[in-house]
Amino acid sequence: MNLRLFVHSVLMVAEKDMRIYYYKGSVVIFGLLFPFVMFLTFFIGRDLNIALFFPSFLGMMLFFSASSTGPLITPWEKREKTYERLVSLPDQIGSIVLGDILAGAIFGIMITTLVWIGGTLLLHLQLADPLMLILALVLGALAFASLGTLLASPATDTPSNIMMYSNLVRLPLIFVSGIFIPLSQLGSWAWTNELSPLTYLVDLFHAAMTGDAVFPAAVDAGALILISAIFIVAAKVIQQHNLISGR
């Protein structure tokens with residue numbers, strides 16, 4: 001495999017996704033407006049410490065923004081008959097999957113970084129470890145952009161079906177990941193949060209901003225890397241199978 005050509009193919013796919021899909025209505029709604037409204041609904045009218053919950057809000061924002069482009073891309077291009085053109089690329093499925101993931105990860109990092117900057121300026125939030133924050137942004141964006149691409153892998157050319165299916169997967173995770181109830185306050189129910197990949201991102205943001213994390217940073221980072229690898233491999237295998245079977 002020509003590595004230079006492969007990297008060029010990945011970047012080309014990512015650039016195409018960024019130009020076309022960042023401004024789609026479903027991406028803006030589920031990647032930006034939905035998590036913002038969810039957090040405001042939870043926070044307004046309650047006597048809560050914003051500094052305690054802001055890392056959780058960042059985690060939810062990165063989760064939805066990074067995973068919002070992937071579910072739209074593949075079914076949209078199958079419907080528009082441009083997917084066939086993409087599979088002519090060298091190492092076609094690998095290039096498409098990684099390009100879609102890269103586009104989703106960049107979108108998630110941009111949105112979440114802007115939210116963090118705005119929150120820091122307005123609320124004067126502390127930052128315990130800047131490098132940990134960067135690590136959380138990069139690993140979280142990669143993990144959940146990979147999830148978004150995996151959710152788009154089923155054989156269909158109807159974007160609305162994939163978006164509905166992806167929300168059935170994503171919405172329950174925000175309630176079992178320490179976003180609305182801090183991980184340290186779950187007691188005997190803490191084991192349920194360990195099953196959610198979003199838990200490790202939220203915990204890593206807490207480590208970066210407040211220094212108060214439940215798991216060691218190495219555990220959070222390792223879990224996100226492992227989850228990313230599983231999602232990437234699964235997305236490639238499913239899309240390769242669909243291509244072979246002509247779906």
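I'd like the accessible area for T82, computed on protein heavy atoms only with a 1.4 Å probe and all protein chains in place. Round to 10 Å², please.
Per-residue accessible area (T82): approximately 50 Å².
To the nearest 0.05, how large is the calculated FRET efficiency for L171 and M110 if R₀ is 22 Å and r is the Cβ-Cβ distance?
Using R0 = 22 Å, I get an efficiency of 0.45.
Taking 8 Å as the Cα distance limit and 6 or more residues as the minimum spacing, I'd like the relative contact order of the chain as a percentage.
26
Convert each backbone phi in segment 95-107 into a coupling constant with the Karplus relation 6.51 cos²θ - 1.76 cosθ + 1.60 (shift: θ = phi - 60°), then list the ³J(HN,Hα) values in order as whole Hz, x for Gly and Pro.
These are the phi-based 3J(HN,Hα) values: 5, 5, 4, 5, x, 5, 5, 4, 4, x, 5, 5, 4 Hz.
Sorted from largest to smallest, which semi-axis lengths in Å does the alpha carbon gyration tensor of the chain give for its equivalent ellipsoid, taking the root of 5 times each eigenvalue?
Result for the chain: semi-axes of 32, 18, 17 Å.
Please report, in debye to the nearest 20, how large the charge dipole of the chain is about its Cα centre when each Lys and Arg carries +1 at its beta carbon and each Asp and Glu carries -1 there.
640
Which ³J(HN,Hα) values, rounded to whole Hz and listed in residue order, are derived for segment 15-21 from phi using the Karplus coefficients 6.51, -1.76 and 1.60 in 6.51 cos²θ - 1.76 cosθ + 1.60 with θ = phi - 60°, glycine and proline given as x?
Computed from phi, the couplings for segment 15-21 are 5, 4, 5, 5, 6, 9, 9 Hz.
Could you put R79, R19, R4, R170 in order of accessible surface area, largest first, with the 1.4 Å probe and the full protein assembly present?
Accessible-area ranking of R79, R19, R4, R170, largest first: R4, R19, R79, R170.
If you build a Gaussian network model of the chain, linking Cα atoms that sit under 10 Å apart, which residue out of L33, L226, L121 swings the most?
L121
What value, in deg cm²/dmol to 500, does the helix sum -39500 (n - 2.57) over DSSP H runs of n ≥ 4 give at 222 nm once divided by the residues of the chain?
Result for the chain: -23500 deg cm²/dmol, rounded to the nearest 500.
What's the carbon and sulfur percent of the chain's accessible surface, probe 1.4 angstrom, rounded to a whole number?
About 70 percent, which is the carbon plus sulfur part of the accessible surface.
Can you put V7, V97 in order of accessible area, largest first, using a 1.4 Å probe?
If we order V7, V97 from most to least accessible, we get V7, V97.
Springs between alpha-carbon atoms under 10 Å, Gaussian network over the chain: tell me which of M60, M38, M132 tops the mean-square fluctuations.
Greatest mean-square fluctuation among the candidates belongs to M38.
Quick one: order K236, K24, K16 from most to least accessible surface, probe 1.4 Å.
Largest accessible area first, the residues go K236, K24, K16.
Leaving ligands, DNA and RNA out of it, work out the accessible area of E194 with a 1.4 Å probe and give it in Å² to the nearest 10.
90
With the dipole of the chain worked out from charges on the C-beta (+1 for Lys and Arg, -1 for Asp and Glu) around the Cα centre, which of L135, T210, S153 lies farthest toward the positive end?
The residue sitting farthest along the positive end of the dipole is S153.
Can you compute the FRET efficiency between M12 and T41 using 1/(1 + (r/R0)^6), with r the Cβ-Cβ distance and R0 = 35 Å? Round to the nearest 0.05.
0.30
Along the charge dipole of the chain, Cβ charges K/R +1 and D/E -1, which of V219, M61, I101 sits furthest on the positive end?
I101
Using the Karplus equation 6.51 cos²θ - 1.76 cosθ + 1.60 (θ = phi - 60°), what ³J(HN,Hα) coupling, rounded to whole Hz, does each residue of segment 133-143 give in order, writing x for Gly and Pro?
5, 4, 4, 5, 4, 5, 5, x, 4, 5, 5
Send over a whole-number figure in Å² for the accessible area per residue of the chain, probe 1.4 Å.
47
The values are calculated or read from the model by the stated rules, or taken from the named source; none is laboratory data. Predicted model only: the values in this text are computed from it and were never measured. Ideal geometry is used to build each Cβ from the backbone, glycine not excepted, and the neighbour counts take in all protein chains shown. The accessibility values were calculated without ligands, DNA or RNA, using every heavy atom of the protein model including side chains. Shrake-Rupley method; radii C 1.70, N 1.55, O 1.52, S 1.80 Å.
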